[in-house]
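Derivation of every value follows stated rules applied to the coordinates shown; laboratory data play no part. Predicted model only: the values in this text are computed from it and were never measured. Cβ placement follows ideal geometry from the backbone for every residue including glycine, while neighbour counts extend to all protein chains displayed.
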Amino acid sequence: MTEYGGNYGNYSNTTYSAGGGAGGGGFMTGGSQNSPSGGADVKNDSLRPVTIKQLNASESQDNTNFTIDNSPISQVTFVGQVRNISQQTTNITYKIDDGTGTLEAKLWIDPDADESTRPAVSENTYVRCWGKLKCFNNKRHVGCHFLRPITDMNEISFHLLEATAVHLHFTKGPPAGKGGAQNGGNAVQQNGGAVDFGGGANGALPPNTSAVARKVYNVILNTPQSNEGLHMHDIATRLGMNTADVGKGSDELLEQGLIYTTVDDHTWAILNTGNF
């Protein structure tokens, strides 16, 4: 079933263990709790599968930083059915219902991007959303990094099982008597958990990655930078490329789960342990 957990963008799976991912996704075996040395705190940019009920019930002191099961969250992913779509000049708002609750997801529109790059989503279809939980005027929503339609209904069941398994890990702890890393992929630690990318910057890009996306990826990967990543204009200057093409390449990389937005929607970093 790992094939259903993999497509947050292009992830092979997610594992929330005590240090080593077993490669099966969800509530997996434990291991050491070594954290990467130096750099930013990895847990603040780890990805967690959740339900909408968990997002609505998450705790926050300042409506900026949220916790679920007493664990900080930043990047979250969930699945659900689109109940309503509202398109504005600057964003598209999707009202999503996953059976545990409803929540709005906002996908900001890049005016320079081709409309064909926007997700082909209609009401009553099922989607996967990946983004950050935010609060505006005391109303919560998820700011989407990307949103895509679900074509295999098994993905919905897998996600709910995975979210449950992660919840059990943080509330009940890892299975007793288990240990050791069993997967050669890159794992980002999160309070004893990990997100296994199974490749990322240390492996080959997917074969269907366009030439523009490859150039954008390589510039972000190889340019010295802070953990805030590189801005679109910086990338365009380095490549001698217009910002519209850079935007198309970055959208492709976001959908593949290879980069993520940082300080704004046009600044990106590689989604890989080497960034932290």
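Sort the stretch 228-268 into rounded, prolate or oblate with this rule: let a ≥ b ≥ c be the square roots of the eigenvalues of the Cα gyration tensor; rounded if a/c is under 1.5, and if a/c is not under 1.5, prolate when a/b is larger than b/c, oblate otherwise.
Since a/c reaches 1.5 but b/c is at least a/b, the shape of the stretch 228-268 is classed as oblate.
Quick one: length gained pulling D114 to T89 fully straight, 0.36 nm per residue minus the C-alpha distance?
7.5 nm is the gain from fully extending D114 to T89.
What length, rounded to one decimal in nm, is gained on full extension from N124 through to T151, with 0.36 nm per residue of separation minus their alpha-carbon distance?
Between N124 and T151, full extension yields an extra 8.4 nm.
By the gyration tensor of its Cα atoms, with a ≥ b ≥ c the square roots of the eigenvalues, what is the shape of the stretch 201-275: rounded for a/c under 1.5, prolate for a/b over b/c, or oblate? Mind showing how you got there, number by number?
Details: a/c = 1.41, a/b = 1.03, b/c = 1.37.
In terms of gyration-tensor shape, rounded.
I need the phi-derived Karplus couplings for the stretch 108-114: 6.51 cos²θ - 1.76 cosθ + 1.60, θ = phi - 60°, integer Hz, Gly and Pro marked x.
Each residue of the stretch 108-114 in turn: 6, 8, 8, x, 8, 7, 5 Hz.
Skipping prolines and chain starts, which residues have an amide H placed within reach, meaning under 5 Å, of the one on S58, given they are 5 or more residues away or on another chain?
Those qualifying (amide H under 5 Å, at least 5 residues apart or on another chain) number zero.
Report, by chain and number, residues whose modeled amide H sits under 5 Å from the one on D265, excluding near sequence neighbours (fewer than 5 apart, same chain).
Under 5 Å from the amide H of D265 lies no amide H from a residue far enough along the sequence or on another chain.
Suppose the chain between N63 and K172 were pulled fully straight at 0.36 nm per residue; how much longer would it get relative to their current alpha carbon spacing?
Length gained, N63 through K172: 36.6 nm.
Can you pick out the pairs among K134/K248; K106/K215; K139/K248; K106/K134 whose Cα atoms lie more than 22 Å from each other?
Among K134/K248; K106/K215; K139/K248; K106/K134, the Cα-Cα distance tops 22 Å for K134/K248; K106/K215; K139/K248.
With a cut-off of 19 Å, note down the residues of the stretch 246-260 whose backbone N falls inside the zone around a label point 7 Å from the Cα of S226 toward its beta carbon.
260
Apply the Karplus parameterisation 6.51 cos²θ - 1.76 cosθ + 1.60, with θ equal to phi minus 60°, to every residue of the stretch 119-129 and state each ³J(HN,Hα) to the nearest whole Hz, in sequence, with x for glycine and proline.
x, 7, 10, 10, 4, 6, 8, 9, 9, 10, 10
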